[in-house]
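Single-structure report; data block below.
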Amino acid sequence: AALNDSGPPHDVGRPRLWVDRSFTISGAGTVVTGTLVDGTLQVGDKVELLPGPLTARIRTLQSHEAEVSQAAAGSRVAANLSGLERTDVARGALMTKPGIAATSHRFLATLRPVRGVKEVADRGAYQLHAGSGAWPVRVRSINSATTLLTAEDPIPLVSGDRYVLRETGRRAVVGGGRILDSQPPQAKAPTLGAAATELNKALELGPDAVATTLLELRGVAERARLRIDSGGGDPHNAIDGGVQVMATSRAASLLAQALRTTADFHAANPLRPGLPKATLASALGVEAQLLEAMLADAPELVDDGATVRTADHRSSWSDADEADWAEAVEELRAAGLAAPRATHLGLREELLHAAVREGRLVRIESDLVYLPETIEQLNIRLRELPHEFTVAEFRDAMEISRRQAVPLLEWLDANAVTSRRGDVRVLRQSPSQ
């Protein structure tokens, strides 16, 4: 028989049914049976079966041999499922709604030997029994009351779930306990023991306390998984990054790492305005939205949208950069509007980008740039043109080639200086810089 929680049934909005039988009814399809706990199920509900996961929809429900539209917590239920074959579902599967449960291979748990068993040895062969399922597990003792359970197969258990441990060789129950953490960190026994103590306390206070404690242990977690592992809790005093949340105790060390990473980037790339935000988020192991939430309270770092910089960072040009720039300025002044290709100016790409960002150059298109003073000269010369003019007339008046004329006119259109009407341009206003 399935192992059920003791005490009166209660509805916490997280329905779970451990499958003890599955069979097929001719003309109806797959039916699974079990005892429903922790919530209600209704006809039409989309459900998930773990491990798998498999998804299905409840076609009909029966409880105590009567057809019902809704089954309550604590009742025996037979659910007719659409979208599944009988062979898809085995005894021990967990049926629930999506987002309520998940599987794991490692569990931090309490363990209390039964009467007559002095201790549960690490070297034994064991089976973990929970709900209607049984799985082979290995045991690693953390302290006299805590163990680390490891399974080859995924098991759908979360914090607070109770289990029984049976020794395979003797076929005897040797102990039992409850799950504390279904994603425990890779840590030494003292650390895990301390975590177990805190989680035991939190379990007595409810899901929110469990979620808060789990987040303190993990530092950063996905909100959806944290809700699953805590039995539906939301952590207190967390930094909210949407998909991810962070414990405030973790923020200081992560911000220090962000500051070091950003400063190192500035040292290696003095001309760049900042470190790409996606790169920094990846280096920290967090989502960009959580990084943004962290930066909101970090005066040492500035979020510029696509990039992040230290508050005191300013782009710096080396003497060699300034020398290259001086030569490029001479060449651009001599050429006027008949500027050479940007790639022929002798400026490395990063220096060229920096000059555009700092307003030393105006980029017309990827391979055409001008000095701001040349754009001012263009403004003056435009006034000498008729109200309407063609590309050829513009090209000849400015004494440039079509390579410069076409992108210049498109830039003037984009800046509302001119507008295109068929094959002619109409002058609207002086060009913006």
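The values are calculated or read from the model by the stated rules, or taken from the named source; none is laboratory data. Every value quoted in this text rests on a predicted model; they were computed, and no experiment measured them. Note that we place each Cβ from the backbone using ideal geometry, even for glycine, and neighbour counts take in every protein chain shown.
The table below gives the values:
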{"read-out": "Residue identified as part of a strand (DSSP E or B) and among the hydrophobic types (A, V, I, L, M, F, W, C) among V117, V77", "value": "V77"}
{"read-out": "Candidates A238, A256, A247 - the one that is under 30 Å from E350 (Cα atoms) and not basic (K, R)", "value": "A256"}
{"read-out": "Hits in region 123-158 (condition: buried (at least 16 other Cβ atoms within 10 Å of the Cβ), part of a strand (DSSP E or B) and either outside the structural domain of K201 (by TED's automatic domain parsing) or under 27 Å from the mean Cα position of the chain (by Cα) (or both))", "value": "A151, I155"}
{"read-out": "Failed item in (1) touching a Leu at 6+ places or on another chain (Cβ under 7 Å); (2) crowded, with 18+ Cβ neighbours inside 10 Å; (3) assigned by TED's automatic domain parsing to the domain that holds N415, with E350 passing the rest", "value": "(2)"}
{"read-out": "Lone qualifier among G231, G169 - being over 30 Å from L295 (Cα atoms) and either touching a Ser or Thr at 6+ places or on another chain (Cβ under 9 Å) or acidic (D, E) (or both)", "value": "G231"}
{"read-out": "Selection from region 18-32 of residues that are surrounded by fewer than 17 Cβ atoms within 10 Å (Cβ to Cβ) and either within 19 Å of Q70 (Cα to Cα) or of a type in the set (S, T, Y) (or both)", "value": "T24, S26, A28"}
{"read-out": "One residue from E48, E67 being touching a residue at least 40 places away in the same chain (Cβ under 8 Å) and either more than 23 Å from R223 (Cβ to Cβ) or crowded, with 17+ Cβ neighbours inside 10 Å (or both)", "value": "E48"}
{"read-out": "Failed criterion for M95 (all others in (1) in a loop (DSSP other than H, G, I, E, B); (2) in contact (Cβ under 8 Å) with a residue 40 or more places away in the chain hold)", "value": "(1)"}
{"read-out": "Odd one out for D321, checked against (1) surrounded by fewer than 14 Cβ atoms within 10 Å (Cβ to Cβ); (2) more than 17 Å from G274 (Cβ to Cβ)", "value": "(1)"}
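Residue-by-condition table, conditions (1) of a type outside the set (G, A, S); (2) surrounded by fewer than 16 Cβ atoms within 10 Å (Cβ to Cβ); (3) in contact with a strand residue (DSSP E or B) (Cβ under 9 Å, 6 or more places away or on another chain):
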| position | (1), (2), (3) |
| --- | --- |
| G160 | no, no, yes |
| Y163 | yes, no, yes |
| G193 | no, no, yes |
| R218 | yes, no, yes |
| A224 | no, yes, no |
| I239 | yes, no, yes |
| M246 | yes, no, yes |
| S253 | no, yes, no |
